[in-house]
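Visitor: Below: one structure in structure tokens.
The values are calculated or read from the model by the stated rules, or taken from the named source; none is laboratory data. Values in this document were obtained by computation on a predicted structure and should not be read as measured data. Neighbour counts are summed over all protein chains in view; Cβ atoms, including those assigned to glycine, are modelled from backbone coordinates with ideal geometry. Areas reflect the complete protein model, heavy atoms only, side chains present, ligands, DNA and RNA absent. Shrake-Rupley method; radii C 1.70, N 1.55, O 1.52, S 1.80 Å.
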Amino acid sequence: MRARRVEDQGLSPQRLGTIAMVALAVGLAVFGVKESVRAWQMRRDMQTIERDLGVLRAKQAELTRTVDRLRNDPLYIEKLAREEMGMVREGETVLKFPSQSSPQIPHAPR
């Protein structure tokens, strides 16, 4: 009976091993969940960055085409000068029409 009482009061190596294994499993589970969430967030961020990169590449291609036209297309330069700066060729006649604004209703005197 004495041997049994000593074992009941302390932790046996088997119980100690079981507790250690459970603690390790819980620790790995918590770590695994945290890392899974982190990996999911990183994948989402990567998709967003790849989408932004596609938009920026398209914009870069458009700007490259514009630069090429500015360097090599005199008609494009003339078009921009006419539209954005209001320039005309010598001898051209410019007709300006008043803008059509909505008629204003006169206010009745009080």
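Visitor: Look at Arg44 and say whether it is surrounded by 10 or more Cβ atoms within 10 Å (Cβ to Cβ), part of a helix (DSSP H, G or I), modelled with pLDDT of 95 or more and out of contact with any Cys (no Cβ under 7 Å at 6 or more places or on another chain).
Guide: Values: surrounded by 10 or more Cβ atoms within 10 Å (Cβ to Cβ): yes; part of a helix (DSSP H, G or I): yes; modelled with pLDDT of 95 or more: yes; out of contact with any Cys (no Cβ under 7 Å at 6 or more places or on another chain): yes.
In short, yes.
Visitor: Still on this model: Could you please give the count of residues in the range 78-96 that are of a type in the set (Lys, Arg) and assigned to a loop (DSSP other than H, G, I, E, B)? Show your work before the answer.
Guide: Step one: of the range 78-96, the residues of a type in the set (Lys, Arg) are 79, 82, 89, 96.
Subsequent filtering for residues that are assigned to a loop (DSSP other than H, G, I, E, B) retains 89, 96.
Here the count works out to 2.
Visitor: Surrounded by 10 or more Cβ atoms within 10 Å (Cβ to Cβ) and not in a helix (DSSP H, G or I): is that true of Val22 in this structure?
Guide: Numbers: surrounded by 10 or more Cβ atoms within 10 Å (Cβ to Cβ): yes; not in a helix (DSSP H, G or I): no.
Considered against the rule, which asks whether it is surrounded by 10 or more Cβ atoms within 10 Å (Cβ to Cβ) and not in a helix (DSSP H, G or I), Val22 comes out as no.
Rundown of residues vs (1) hydrophobic (A, V, I, L, M, F, W, C); (2) surrounded by 10 or more Cβ atoms within 10 Å (Cβ to Cβ), yes/no style:
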| position | (1), (2) |
| --- | --- |
| Asn72 | no, no |
| Tyr76 | no, yes |
| Met85 | yes, no |
| Gly91 | no, no |
| Phe97 | yes, no |
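Visitor: Is there a residue in the range 25-33 that is within 35 Å of the chain's Cα centre (by Cα) and open to solvent by 100 Å² or more (accessible area, probe 1.4 Å)? Walk me through it before giving the result.
Guide: The initial filter retains those residues of the range 25-33 that are within 35 Å of the chain's Cα centre (by Cα), namely 27-33.
Filter again for open to solvent by 100 Å² or more (accessible area, probe 1.4 Å), leaving 28, 31.
Checked against the condition, which is being within 35 Å of the chain's Cα centre (by Cα) and open to solvent by 100 Å² or more (accessible area, probe 1.4 Å), the range 25-33 yields at least one hit.
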